[in-house]
Amino acid sequence: MSTLVTNIGELVTNDPAADDLLGLRTDAAVVIDGGLVTWVGAASAAPAADEVIDVGGAAVLPGFVDSHSHLVFAGDRAPEFRARMAGESYAAGGIRTTVAATRAASDADLEAGVARLVAEMRSQGTTTVEIKSGYGLTVDDEARSLRIASAFTTETTFLGAHVVPPEYADDPAGYVALVTGPMLTAAAPYARWIDVFCERGAFDADQARAILSAGAALGLRGRLHANQLGPGPGVQLAAELGLAAVDHCTYLSDDDVHALRDTETVATLLPGVEFSTRQPYPDARSLVDAGVTVALASDCNPGSSYTSSLPFCIALAVRDMGLTPAEAVWAATAGGAEALGRSDVGSLVPGSRADLVLLDAPSHVHLAYRPGVPLVARTWVS
Ligand SMILES: [Zn+2]
């Protein structure tokens, strides 16, 4: 059955052939059929369809593509957040609190948690989400986390190298051998990607290289958490290896920016983390000005960024990271799609998946202009 969505006051297409970044169209219409966008154009020229939805002049965007989240976990860390807001600093070791709770949880509890957060995301306009493991850190618990995640998305990421679990505290090399051996073998059937937390207190560049290389041998494409808590080698490693994305990029040197500029690697910025850890925001402006492709993602997780809202991240990126509203919206849609190597989402052109967001607002600017307001009126997911 075909559906005509018409009387769109402002349509964000992200059409790369357009003159402006967002490929904006006014007084527009879209036809969707069989889960795909089949026609985009002026409302006055729209073809007939089986069903017509008049959106009354509101804005329509591609569904948000959240390319970085950690939704498979149990427990919460509100006390840690409260302490941090009272002046304590964030350290990678807090992850172990969630690992203990996750290992102790039933499959049903973990599934219910992911379902709840995916529904939250959906109600805020996210139509594609990447979900990582990384709170199991045993062979069985990592495979279980990815099996659960794969019921919700095809964009699943093995993050056995999130942090060294307590039982390997004296033997990090032994843990890397586990991650690159039996854990990877058990995780790979459920994972599309492999990721490493390359940070002081987690894994160094040599360990990250070994883990990504082992994943690549089983067909898993690489991505990295890097330069979140301080300067480090991760961004340049990601550029050197030509990874799809390097995520966080909070502390960047000029050399890091230059390295990214010459690659296809997307810099994925996660401003919910800086909001909730009181770290400085990454310099999105200098990345965009250098020609680096930037994505925005939630990093939804119970420790450092417990938001599921890309509209919130867009508002932060505009207010505190120097992006224009158009750049921030592009980063949360087309940028996220590039970070996942996807050309079928993140834009609304003929052939795109029919993943659309209707705002209760006349333009995309309102996502930053009206922070914290539930502007997503409806989401279509193909
Ligand atoms: Zn993360």
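The values are calculated or read from the model by the stated rules, or taken from the named source; none is laboratory data. Just so we're clear, the structure is a prediction, and the values are computed from it rather than from any experiment. Positions of Cβ are backbone-derived with ideal geometry, glycine not excepted, and every protein chain shown enters the neighbour counts.
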Q) Is it the case that some residue within the range 352-371 is within 16 Å of the ligand (Cβ to nearest atom) and over 27 Å from Gly113 (Cα atoms)? A) no
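Going by the structure shown, is Gly322 over 17 Å from the mean Cα position of the chain (by Cα), crowded, with 18+ Cβ neighbours inside 10 Å and more than 16 Å from the ligand (Cβ to nearest atom)?
On the way: over 17 Å from the mean Cα position of the chain (by Cα): yes; crowded, with 18+ Cβ neighbours inside 10 Å: yes; more than 16 Å from the ligand (Cβ to nearest atom): yes.
The answer is yes for Gly322.
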Q. Mind checking which residues of the range 284-305 are buried (at least 18 other Cβ atoms within 10 Å of the Cβ) and either free of Cβ contacts under 8 Å to residues at least 60 places away in the same chain or aliphatic (A, V, I, L, M) (or both)?
A. Ala284, Leu287, Val288, Val292, Thr293, Val294, Ala295, Leu296, Ala297, Ser305
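Give the residues of the range 125-148 that are of a type in the set (Gly, Ala, Ser), under 18 Å from the mean Cα position of the chain (by Cα) and over 17 Å from Ala214 (Cβ atoms), sorted by residue number. Spell out how you get there, then give the answer.
Narrowing the range 125-148 to residues of a type in the set (Gly, Ala, Ser): 125, 133-134, 136, 143, 145.
Narrowing further to those that are under 18 Å from the mean Cα position of the chain (by Cα): 125, 133-134, 145.
Across the range 125-148, the qualifying residues are Gly125, Ser145.
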Q.
Just to confirm my filter: which strands (runs of 3 or more DSSP E) fall fully inside the range 35-120 and include at least 1 residues that are buried (at least 20 other Cβ atoms within 10 Å of the Cβ)?
A. 36-42, 59-62, 64-66
Q) Are any residues in the range 306-334 without any contact (Cβ under 8 Å) to a residue 40 or more places away in the chain and in contact with a Ser or Thr (Cβ under 9 Å, 6 or more places away or on another chain), and if so, which ones? A) Thr307, Gly322
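Just for the range 132-172: of the residues that are away from the ligand (no atom under 16 Å from the Cβ) and among the acidic types (Asp, Glu), which one is nearest to His68 (Cα to Cα)? Write out each step before concluding.
Within the range 132-172, the first condition is being away from the ligand (no atom under 16 Å from the Cβ), and the residues that meet it are 138-141, 143-144, 147-148, 150-152, 154, 164-172.
Checking which are among the acidic types (Asp, Glu) leaves us with 140-141, 167, 170-171.
Numbers: Asp140: 23, Asp141: 20, Glu167: 27, Asp170: 30, Asp171: 29 Å.
Only one residue fits best here, namely Asp141.
Please verify whether Ala245 is buried (at least 21 other Cβ atoms within 10 Å of the Cβ), within 16 Å of the ligand (Cβ to nearest atom), among the small types (Gly, Ala, Ser) and over 20 Å from Gly336 (Cβ atoms), treating the condition exactly as stated.
Taking the combined requirement at face value, the residue does not satisfy it.
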(Q) For a quick check of your reading: which strands (runs of 3 or more DSSP E) sit entirely within the range 124-223 and have at least 3 residues that are more than 21 Å from Asp344 (Cα to Cα) and among the aromatic types (Phe, Trp, Tyr)? (A) none
**Q.** Filter result (in a loop (DSSP other than H, G, I, E, B) and either aliphatic (A, V, I, L, M) or in contact with a helix residue (DSSP H, G or I) (Cβ under 7 Å, 6 or more places away or on another chain) (or both)) within the range 373-382
**A.** Val373, Leu375, Val381
Q | Pairs, first assigned by TED's automatic domain parsing to the domain that holds Thr180 and over 18 Å from Pro165 (Cα atoms) in the range 192-213, second assigned to a loop (DSSP other than H, G, I, E, B) and not aliphatic (A, V, I, L, M), C-beta under 7 Å, six or more apart | A | Arg192/Thr154; Arg192/Glu155; Ala205/Pro233
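Yes/no matrix, rows are residues, columns are (1) over 17 Å from Phe197 (Cα atoms); (2) touching a residue at least 60 places away in the same chain (Cβ under 8 Å):
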position: Arg77; (1), (2): yes, yes
position: Leu110; (1), (2): yes, no
position: Ser133; (1), (2): no, yes
position: Ala143; (1), (2): yes, no
position: Ala161; (1), (2): no, no
position: Pro166; (1), (2): no, yes
position: Pro182; (1), (2): yes, no
Q) Restricting attention to the range 149-196, which residues are crowded, with 24+ Cβ neighbours inside 10 Å, of a type outside the set (D, E, K, R) and under 19 Å from the mean Cα position of the chain (by Cα)? A) Ala149, Thr156, Thr157, Phe158, Leu159, Gly160, Ala161, His162, Ala191, Ile194, Val196
Q | Subset of the range 249-266 (residues that are within 16 Å of the ligand (Cβ to nearest atom) and in a loop (DSSP other than H, G, I, E, B)) | A | Cys249, Thr250, Tyr251
Q. Is it true that Asn14 is part of a loop (DSSP other than H, G, I, E, B) and either touching a residue at least 24 places away in the same chain (Cβ under 8 Å) or of a type in the set (Ser, Thr, Tyr) (or both)?
A. yes
